[in-house]
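The values are calculated or read from the model by the stated rules, or taken from the named source; none is laboratory data. As the structure is a computational prediction, the values presented were derived from the model and not from experiment. Quick reminder, even Gly has a Cβ in these numbers, built from the backbone with ideal geometry, and neighbours come from all protein chains shown.
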Amino acid sequence: MNRSWDRILGFLAGLLTLAATGIMVSKNWQAFLEICPITDLLTWDENIRLTAVYDQFQDLRDGKIWRGILPFLEAATWPPLRPIFSLALLATPGSWPITWKDSFLGLAFYALCFPSIIYIASRITGSYIFGGLVSLFILAMSLHTSETPAYSLSSMLETQGMLSLLWVYFGLYKLYDSVKDLKQGEALPKDSRVPILVSVTLLLLFFTKYPYGLLLFISIFLYELISRFPEWIGFVRFAIRNHYKGLRLAFLIIVVLLVLSLPVLRVVTNWNLDQKSFKKVLYLLTVLVFLDFNYFLYKTRKEIGSVTPSSIRILYLYAILPSFFWLFANLDRVMSLVNAQMIVNKFVRSFILSLFESPEKKFPASHVFAEPWIFRLFFFFSIAILFYWIYSRRSEKTPAPKLGGETEAGKTSFLDKALSKLQNRTWPSFAKDPLFAITIIVFLQYIVIDASTGNKQLRHVFYPLPALLLILSFWFYRFIQLSSNVWKIASICVSLFFFFWAGSLFFRDGGLLSSTYFSANQFCLKGFDTATFQPARDFAKVIDPNGKYIAFNAFHEEENFQIPGRILASEFDLLFRQKTVSNGKYRNDSKYRWKNWDEFDKALYVGPSCELPEKYIERVQSLGYGLEPSLEMKHPSGNYCLREFRLIKK
């Protein structure tokens, strides 16, 4: 197509996409305000994050700078990126409550995906019309799903992950495009901006949610092995010769196998791996391996560049190393990740299969797409094009890498001889193609998520979804570019067929532009059961907004995990903080965090019964205080009781 026409039509397609995105934002937010009855509370994870942000906000406002910043540095369960955004929103003036602001931020992240797709697709293909059309296609496909509308109106991390991952794959494409013609040992020019792009995008994903980054790192590593197998064999030979020998090699193998076996052990054994002692041992072992590996890299830094692929050098130095350094800097982060690995929920059979499942009238949903046949055929055609492209390049080979660093004659081990034969092989050159690279990585990402995650909640499918659809779309564009005459016309027609088929979703039942959009879709992640959460609101009404409370929330205790009131544990914390944030204070007690109670004048207990547990009484006495009852309120259901005390210094 003529360049001028491509710009003009691309501009119009981009405007159409942005208009549709604007309508989506407007309608989704309207649904949040008019349909969802619970907008003052968030889901469990969101409530916990937001309560921590409230505490930081108060500390920073009151001049306790270090105490306000420290949670960002600790960040055991959730990375600090989203709490930083929430803190900024909390400090921003306006009439919206923070729960509204945080929910709208999730919608903003989702909306930003589509101008990002326009930019990324245009930069990779050079076609503006393709960028505009594929963005509209992905909006149609990703919006008309079972759970995207609800997650777009929450402060869960799925939409932030969608946006981050799109830019990650743009960075990875630019990286593999830059290194595909480099020979072994060569590096990118010093003025290249690709390493910075890779670093920023991957770290943004890692600091969105730790498992997002770690699972992607595994996928990238597996692709690197596939695409540069002889070079990796050379690296292994170099490592064994220069560092990993005897016990050191055995230790490395044992620890790696132990970590990789965790998902398997969770399924095939009854072992209780959720123990602090086991997690501490695992932490110690992995830290030793990490430190030893980096010592090896430092010790051989002058030679290592000649035996490692240039892509993995950039990925490790600019993204993987700082991520693991941050991870290992806090024992609680590793323990939290192991805890997450032990969670088992079987809401779906398989994340991958859910992409192809037909809609069913059940809750929770196990399907992704409202019209799965679009994705099924779209995926089939994309894979067919991929295999056709591989077949057309099957004879192109990459020469075997130079062996280098040979040992002295007569001292070559049997293992080294075997590895030498593997290294001295030619390898298919198509494996280094940048589009093939990001395609294999996104496929591996879904496979790794499916294989390693016992928590089979459908939400884990959604954050890679826009990236998957974009990457599959690139194969249609490549086929159009490689075709000629009749085949080019046919490939354009097939592409437009899928575009208009997906576009029809906007007008069909439940579509964005249909009259049933509000009634056919699920927008309220918190649900509609307002009565369940009313006790927390009732209790929040009676506490003193000027009171400075140290709190005992018994619903967080392990012995109360199975009782009815447990469901409101995080709601009590959030609503009580909302009530006292301006003029009072509310903090959950912790013997590790609060060595004294000089900042408080009241104690508050909330639990399943009105009898104050003995351990709380002992805690009060250990700090030299007595309790004078001032308020007691028991909920009619009998599941909740609130007691307020004045703190009396002895």
### Task
May I ask you to say which residue of 197, 225, 215 is closer than 30 Å to residue 160 by Cα, under 25 Å from the mean Cα position of the chain (by Cα) and free of Cβ contacts under 8 Å to residues at least 24 places away in the same chain?
225
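Residue check: is residue 627 closer than 21 Å to residue 52 by Cβ, buried (at least 17 other Cβ atoms within 10 Å of the Cβ), touching a residue at least 24 places away in the same chain (Cβ under 8 Å) and among the aliphatic types (A, V, I, L, M)?
Taking the combined requirement at face value, the residue does not satisfy it.
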### Query
So which residues in region 92-142 are assigned to a loop (DSSP other than H, G, I, E, B) and either among the aromatic types (Phe, Trp, Tyr) or surrounded by fewer than 17 Cβ atoms within 10 Å (Cβ to Cβ) (or both), if there are any at all?
92, 93, 94, 95, 96, 97, 126
### Query
From the list 374, 352, 383, which residue is over 22 Å from residue 451 (Cβ atoms) and of a type outside the set (D, E, K, R)?
374
### Query
How many residues does region 164-187 hold that are of a type outside the set (Ser, Thr, Tyr) and modelled with pLDDT of 90 or more?
11
#### Entry: Members of region 478-497 found to be buried (at least 20 other Cβ atoms within 10 Å of the Cβ) and not polar (S, T, N, Q), listed by number
479, 480
### Query
Residue check: is residue 500 crowded, with 19+ Cβ neighbours inside 10 Å and more than 26 Å from residue 31 (Cβ to Cβ)?
no
### helices (runs of 4 or more DSSP H) contained in region 194-302 and holding at least 3 residues surrounded by fewer than 16 Cβ atoms within 10 Å (Cβ to Cβ)
247-268, 276-299
#### Entry: Test for residue 521: is it on the phi > 0 side of the Ramachandran plot and at pLDDT below 95
no
### Query
Using beta carbons and a limit of 9 Å, which pairs, at least six apart or on different chains, have the first residue in region 533-544 and loosely packed, with under 15 Cβ neighbours inside 10 Å and the second one among the basic types (Lys, Arg)?
541/579
### Query
Which residue out of 49, 82 is touching a Phe, Trp or Tyr at 6+ places or on another chain (Cβ under 8 Å), within 22 Å of residue 526 (Cα to Cα) and assigned to a helix (DSSP H, G or I)?
49
### Task
Taking the residues in region 52-72 that are among the basic types (Lys, Arg) and assigned to a helix (DSSP H, G or I) as candidates, determine which candidate is surrounded by the most Cβ atoms within 10 Å (Cβ to Cβ).
67
### Query
Say we look at region 359-373 and pick out the residues that are assigned to a loop (DSSP other than H, G, I, E, B) and surrounded by fewer than 18 Cβ atoms within 10 Å (Cβ to Cβ); which of these is modelled with the highest pLDDT?
359
### Query
For region 7-15, does any single residue satisfy the condition of being modelled with pLDDT under 95 and charged (D, E, K, R)?
yes
### Task
Considering only region 144-158, state which residues are touching a Gly at 6+ places or on another chain (Cβ under 9 Å) and in a helix (DSSP H, G or I).
151, 158
### Query
Can you tell me which residues in region 613-638 are within 40 Å of the chain's Cα centre (by Cα), assigned to a loop (DSSP other than H, G, I, E, B) and either closer than 18 Å to residue 550 by Cβ or of a type in the set (Lys, Arg) (or both)?
613
### Task
Output the residue which, of all residues in region 26-75 that are farther than 21 Å from residue 586 by Cβ, among the small types (Gly, Ala, Ser) and touching a helix residue (DSSP H, G or I) at 6+ places or on another chain (Cβ under 8 Å), is modelled with the lowest pLDDT.
75
### Task
Restrict the check to region 586-601 and report whether at least one residue is modelled with pLDDT under 95 and in a helix (DSSP H, G or I).
no
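Could we say that residue 21 is of a type in the set (Ser, Thr, Tyr), surrounded by fewer than 18 Cβ atoms within 10 Å (Cβ to Cβ), closer than 30 Å to residue 519 by Cα and touching a Ser or Thr at 6+ places or on another chain (Cβ under 9 Å) here?
In short, no.
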### Message
Yes or no: region 518-528 includes at least one residue that is part of a helix (DSSP H, G or I), surrounded by 19 or more Cβ atoms within 10 Å (Cβ to Cβ) and touching a residue at least 40 places away in the same chain (Cβ under 8 Å).
### Response
no
### Query
Only one of (1) surrounded by fewer than 14 Cβ atoms within 10 Å (Cβ to Cβ); (2) in a helix (DSSP H, G or I) fails for residue 191. Which number is that?
(2)
### Summary
For residue 569, the lone unmet condition from (1) at positive phi; (2) touching a His at 6+ places or on another chain (Cβ under 6 Å) is (1)
### Residues located in region 73-88, provided they are surrounded by 21 or more Cβ atoms within 10 Å (Cβ to Cβ), closer than 13 Å to residue 204 by Cα and over 15 Å from the mean Cα position of the chain (by Cα)
none
